[in-house]
Amino acid sequence: MINDTTATTVQNPQTDAPASMPADDIADAQDLADVLATSFRLFARGVADRRSAFRTVTVATVGADAAPRIRTMVLRRFDAAARCLMLHTDLRSGKLTDIAHTPRVAVHVYDARAKLQIRLSAKAQMHAGDAVARAAWLASAPSSRANYAISPAPGSEVIEPPQAPVPDEAGYTNFAVIAVTFDTLEWLYLHHSGHRRARFSWADGNALHSTWLVP
């Protein structure tokens, strides 16, 4: 489910073109520490700026049948210290069945204007009916909450497209938050003068290993 209406304490810039970090800023990231800091800033901007390429991320899961499944989701929150992306979904969604079976997920973002790709290897945890889910629900706009009141469940076969749901507090019973905590971040910047690629991984105890890679 993609729904890009949410309450946020940061005003979203209103521009005609999709927002991305200026290419010069990315090119200035000459050492590994700068690359990682720039990557984290991009995720933070994705939360605040709905026109950012990092506003929507592609999330891949693996089902019980061993088949991969991908979908685009809206980035709702980013905790840099915890290396955690927060995403919202319907509790009845098939992706949660995948995560229950295999918590390991992959995340992909590509900013075409900046020619920058970031891939994450992560572990997903579902929150429903707890303090994390309640806080996220209360921070969501009524139009966003309405999506969780839809019936029948997402993915159900129907004769014709259903009517748009209306805001209903009962939708909270179908609301869930997916916390995606990554332990590997791979960065690829495409440039005519030479591509650059780097990998950052956090081992047990959160020890960081950083390295350049051949693009």
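Taken together, the values in this text are just the output of simple stated rules run on the coordinates, not laboratory data. Source: prediction; values computed, not measured. A quick note on method: Cβ atoms are made from the backbone with ideal geometry, for glycine too, and the neighbour counts reach across all protein chains shown.
Structure notes:
- Inter-part distance where the range 171-211 and the range 29-45 are each reduced to a Cα centre, Å: 11
- Residue-count net charge about Pro103 - beta-carbon cut-off 14 Å; Lys, Arg +1, Asp, Glu -1: +1
- In plain terms, the residue of His192, His209, His88 with the fewest other Cβ atoms within 10 Å comes first and the most crowded comes last, giving His192, His209, His88.
- For Asp111, Asp204, the sequence from fewest to most other C-beta atoms within 10 Å is Asp204, Asp111.
- Exposure proxy order (Cβ contacts within 10 Å, fewest to most) of Tyr148, Tyr172: Tyr172, Tyr148
- Counting only DSSP H runs of at least 4 residues, each contributing -39500 (n - 2.57), and dividing by the residue count of the chain, the helix-based mean residue ellipticity at 222 nm comes to -5500 deg cm²/dmol.
- Charge tally around Gln117: other residues with Cβ under 13 Å, Lys/Arg +1 each, Asp/Glu -1 each, net +4.
- With θ taken as phi - 60° and the Karplus curve 6.51 cos²θ - 1.76 cosθ + 1.60 applied, the whole-hertz 3J(HN,Hα) list for the range 132-142 is 5, 5, 5, 4, 5, 4, 5, 7, 8, 6, x Hz, x standing for glycine and proline.
- Alpha carbon centroid spacing (whole Å) that separates the range 118-146 from the range 46-64: 13
- Near Trp212: Cβ cut-off under 13 Å, other residues only, Lys/Arg at +1 and Asp/Glu at -1. The net charge is 0.
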